[in-house]
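Visitor: Handing you this structure, nothing more for now.
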Amino acid sequence: MTEELITSWLRQQLDEDERVAQPAYDFTCGTDDYFDVYYMAVPLQVHANRWCPARVLREVEAHRRILAAHRPGSDPCDAHDASLRTIECETLRLLASIYSDRPGFRQEWAPE
Ligand SMILES: [Zn+2]
């Protein structure tokens with residue numbers, strides 16, 4: 001159950017990332033280097049270009065593939081508690097930790 005909850009919640013976060021990144025990607029025609037506006041300090045330009053919409057979309061796809069490999073009941077990590085009950089694996093908790101500032105994140109998902 002909790003494994004389904006974390007994967008469902010993670011899919012929602014990825015959908016939201018895609019919802020925001022896709023229009024920006026379309027606007028820039030998929031270029032990876034377009035932040036050179038004069039009002040942005042160089043370190044911020046470098047950072048923004050590193051995490052451009054194209055990269056965000058690539059990360060969304062990669063994380064969706066990781067989630068696809070973690071279907072409830074078929075987690076390749078095979079994480080269990082002391083009662084042999086299936087629990088969220090470290091991989092899913094690490095992915096969830098990326099979004100720890102978003103509503104719905106549960107402290108029990110924080111990586112150890
Ligand atoms: Zn796993």
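Visitor: Among the listed residues P53, P76, identify the single one that is modelled with pLDDT under 95, within 10 Å of the ligand (Cβ to nearest atom) and in contact with a helix residue (DSSP H, G or I) (Cβ under 9 Å, 6 or more places away or on another chain).
Guide: P76
Visitor: Take R71 and decide whether it is surrounded by 11 or more Cβ atoms within 10 Å (Cβ to Cβ), part of a loop (DSSP other than H, G, I, E, B), among the basic types (K, R) and within 12 Å of the ligand (Cβ to nearest atom).
Guide: For R71, the condition - surrounded by 11 or more Cβ atoms within 10 Å (Cβ to Cβ), part of a loop (DSSP other than H, G, I, E, B), among the basic types (K, R) and within 12 Å of the ligand (Cβ to nearest atom) - is met.
Visitor: Please name all residue pairs, on different chains or six or more residues apart, with Cβ atoms under 6 Å, provided the first residue is in the stretch 40-68 and is basic (K, R) and the second residue is assigned to a helix (DSSP H, G or I).
Guide: R64/L14
Visitor: If a residue must be surrounded by fewer than 18 Cβ atoms within 10 Å (Cβ to Cβ) and within 12 Å of the ligand (Cβ to nearest atom), how many such residues does the stretch 90-112 contain?
Guide: Residues in the stretch 90-112 being surrounded by fewer than 18 Cβ atoms within 10 Å (Cβ to Cβ) and within 12 Å of the ligand (Cβ to nearest atom): 3 in total.
The values are calculated or read from the model by the stated rules, or taken from the named source; none is laboratory data. Owing to the predicted nature of the structure, the values given are computational and were not obtained by experimental measurement. Because the Cβ atoms are built from the backbone with ideal geometry, glycine has one as well, and the counts that use them run over all protein chains shown.
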